[in-house]
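Peer 1: The structure under discussion is supplied below as structure tokens; questions concerning it will follow.
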Amino acid sequence: MTPPDCPSASLRLQIDRQALAANWRALDRLSGNAQAGAAVKADAYGLGAVHAATVLREAGARQFFVAHCGEASELLPHIPAQEISVLHGPIDAQQAQFFKTAGVRPVVNSVQQARLWLDVGGGACDLMIDTGMNRLGICPGDYADETVAQLEVESLLSHLVSADEDGPLSEKQLRLFRDAAAVIPAKRRSLANSAGIALGADYHFDLTRPGLALYGGVPRPELADVIQQVAYPQVRVIQTRCVQQGDTVGYNAMFTAPHAMRTATLSLGYADGFLRSWPQGTAFRFGDHSLPLIGRISMDMVILDCTKVPDLAAGDWVDVPYDLTQASSSGLSPYEMLTLLGRRFDRVLV
Ligand SMILES: *Cc1c(COP(=O)(O)O)cnc(C)c1O
């Protein structure tokens, strides 16, 4: 007999499917003549790759980027193989064989990866060229390499270093990308991530690759009016307590009650991605009420001051502070805030 499932979650991540679809459509529109794809790597930035990719495909997306080979496997039952590209490329011959068998496109990032791909028979692939990131991608000296020349390149890619900032770097990368595109045959060219889309038509080419902005992040002010929040994390109260003046709360007695207080203990901790870098006083919300964080964040719990909310009770759902568009007081980037959300969240499309 299979053991019964836990009947209800105490951490949930509500994903607004309409907002997700609307964000893709807005980014596709802003991409002009180019088509917008979707970066769904890292479990769609923590929101759940299968859910997200399904919604994005319904909205019109036809090109999905994952980073790892295993992430492609997860999508394969839901997304046509030829619409999946794997950014890290084949790291060994076994992965190259998997891509070939599955019909997924590897992004070839080096002459060595080109060799691995050709050795399993080759076929359509994407090709990453380095224009300044110095992370992955072939360098100008290898554009004419005879192994690279044998590739059947669907999309020629490069990645912008700092499209979220103003400065000369993006323009320099644009020039280098055009130079590469002039000598490397490819069906399509793709340079822009979310922020790159906002840099204008010069950066759009044939395909754009938004990630962050799909999920509610706003990497440039030009996108502020078009991008909607998608992810809403919520957590349940496990118990409420009364503490007396002078009592301390939590590990290392970091908080001392200045007066008698009522507190609430919630089932969210750093193991769920709510890191200890969030400061004291960080405001959780219950309806219109604000509930400040007190004491040190534990692995599985946080403690809030709920003195002003006498009707808050065990089992209630509280909103976790999660505005991606505000520079976060935790010191985390919006990318980190999204991808840290742990496995204990029940991810639900609403
Ligand atoms: C992650 C990634 C993207 C998406 O970037 P965002 O800044 O999240 O829009 C696009 N292209 C590549 C190569 C990536 O690694």
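The values are calculated or read from the model by the stated rules, or taken from the named source; none is laboratory data. Please read these numbers as outputs of a predicted model, since none were measured by experiment. In this analysis, Cβ positions are derived from the backbone assuming ideal geometry, glycine residues included, and neighbour counts consider all displayed protein chains. Surface accessibility is based on the protein's heavy atoms, side chains included, excluding ligands, DNA and RNA. Shrake-Rupley method; radii C 1.70, N 1.55, O 1.52, S 1.80 Å.
Peer 1: For the stretch 127-189, what is the relative contact order in percent, using Cα pairs closer than 8 Å and at least 6 residues apart in sequence?
Peer 2: Relative contact order of the stretch 127-189: 39 percent.
Peer 1: When the gyration tensor of the stretch 106-208 is built from Cα positions, what are the square roots of 5 times its three eigenvalues, in whole Å, from largest to smallest?
Peer 2: After diagonalising the Cα gyration tensor, the semi-axes are 24, 13, 11 Å.
Peer 1: Ok, one more. With the other protein chains left in place, how much accessible area per residue, in square angstrom, belongs to the chain at a 1.4 angstrom probe?
Peer 2: The answer is 46 Å² per residue.
Peer 1: Would you give the gap between the C-alpha center of the stretch 194-265 and the C-alpha center of the stretch 277-348, rounded to a whole Å?
Peer 2: Each part reduced to its Cα centre gives a spacing of 8 Å.
Peer 1: Just to be sure I understand the model, the point goes 7 Å from the Cα along the line to the Cβ. What's the resulting A124 to S333 distance in nm?
Peer 2: Spacing of the two 7 Å Cα→Cβ label points: 3.1 nm.
Peer 1: Check cross-link reach from K100 to the lysines: straight Cα distance under 21 Å, and skip same-chain residues fewer than eight apart.
Peer 2: K41, K187
Peer 1: Turning to a different aspect of this structure: Points 7 angstrom from Cα along the Cβ direction at V50 and M254: gap in nanometres?
Peer 2: Result: 3.6 nm between the two label points.
Peer 1: Counting Lys and Arg as +1 and Asp and Glu as -1, what is the net charge of the other residues whose Cβ lies under 14 Å from the Cβ of P210?
Peer 2: On the way: positive: R25, R29, K41, R62, R209, R220; negative: D28, D164, E222.
Every neighbour counted, the sum reads +3.
Peer 1: Between Q245 and K187, 0.36 nm times their residue separation minus their Cα-Cα distance comes to what?
Peer 2: Contour length minus Cα-Cα distance gives 13.9 nm.
Peer 1: Net charge within 14 Å of V237 by Cβ-Cβ distance, Lys/Arg positive one each and Asp/Glu negative one each, not counting V237 itself?
Peer 2: Here the charged neighbours net out to 0.
Peer 1: Report the antiparallel proportion of the DSSP beta bridges in the chain as a percent, rounded to a multiple of 5.
Peer 2: Within the chain, antiparallel bridges account for around 55 percent of the total.
Peer 1: Work out, in µm²/s and without decimals, the Stokes-Einstein translational diffusion coefficient of the chain at 37 °C, 0.692 mPa s, Rh from Kirkwood over C-alpha pairs.
Peer 2: 149
Peer 1: So, one more: Distance in nm between label sites at W317 and H289, each 7 Å beyond Cα in the beta-carbon direction?
Peer 2: The modelled label-to-label distance comes out at 1.8 nm.
Peer 1: Find the all-direction average of the projected area of the Cα convex hull for the stretch 128-178, expressing the result in square nanometres with one decimal place.
Peer 2: The orientation-averaged projected area of the Cα hull of the stretch 128-178 comes to 3.8 nm².
Peer 1: So, one more: For the stretch 120-231, which whole percent of the accessible surface, found with a 1.4 angstrom probe, sits on carbon and sulfur atoms?
Peer 2: 47
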